[in-house]
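Have a look at the structure below, then the notes.
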Amino acid sequence: MDPVLFWVAAFAAALFVGGSKGGLPMIALLSVPTMSLVMSPLQAAGLLLPVYLISDIYGVWIYRHSYSARNLAILIPASAIGIFAGYMLFDLTDDDMVRVVIGCIGLAFLTIRLRIRFMGKSTPRPADVPRGLVWGSVSGFTSFVSHAGGPAYQMYVLPQQLPKMAFAGTSTILFATINVMKVPPYLALGLIEWGDMRTVLTLAPMAIFGAWLGYRITRIIPERIFFVIVEIALFVISVNLIRVGLTG
């Protein structure tokens, strides 16, 4: 492994992790694929989880007053179901299949969003338990497999038309909770190695900087532009996930 390439990929991935905690949830999907350039996806997921946990502390603090309590009450238990399923099915899970499924979910969601946009402004859809259980479980499962729970989260939350800070804060707090819940099964599966902690501590400042930068960007960008950027990012990432999944 080229050490220069490793550290370039690692610092970029840490910046993406931090930015997602600052209010730009979709760029978290770039973290594992970036690290997968220099190691296996499962090793990348295990290495990055402690980086997520460190940046989660800062992210939760900056969004401690901006979140949807009802969404969290629905999505956290649902995501626990998905995490448990990911743990039980770990040996049977194919990384490429998961990538394709995540990408297809993202594209399906964008198709619905475009249809609504061309038809005019839609009525906000309230948070409801049945859909929350489905999408929360999917989000927990895909987050467990590859830290890629964002598309399923957006499928459920974006139709509610939350204010951008509440949207970002709910995402940050939800995935911070999911990451804590992933620690025991990751340890049980041997995905977290204590020998990687020096690497994690080296990457932590970049992740915290990314969280601060993501928060500043989220506050500055107008609400309409914010969600357009989120949708563009989701499209690019979804297409790339499908491409990677189909080509292996």
Next on the checklist: Taking 8 Å as the Cα distance limit and 6 or more residues as the minimum spacing, I'd like the relative contact order of the range 3-247 as a percentage.
Outcome noted: 40 percent
Checklist entry - For the charge dipole of the chain, defined by +1 on Lys and Arg C-beta atoms and -1 on Asp and Glu C-beta atoms about the Cα centroid, which residue among Phe144, Gln43, Asn71 has the Cα displaced farthest towards the positive pole? => result Asn71
Item to check | Packing-based order for 2-10, 147-155, 41-49, using average beta carbon neighbours within 10 Å, highest first | outcome: 147-155, 41-49, 2-10
Checklist entry - What is the extension gain from Val134 to Leu189, computed as 0.36 nm multiplied by their sequence separation minus the C-alpha to C-alpha distance, in nm to one decimal? => result 17.3 nm
Item to check | Net dipole in debye of the range 3-247 [+1 Lys, Arg Cβ; -1 Asp, Glu Cβ; about Cα centre; nearest 20] | outcome: 980 debye
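Each reported figure results from applying straightforward, stated rules to the coordinates on display, with no laboratory input. For clarity, every value in this text was computed on a predicted model and none was experimentally measured. Ideal geometry is used to build each Cβ from the backbone, glycine not excepted, and the neighbour counts take in all protein chains shown.
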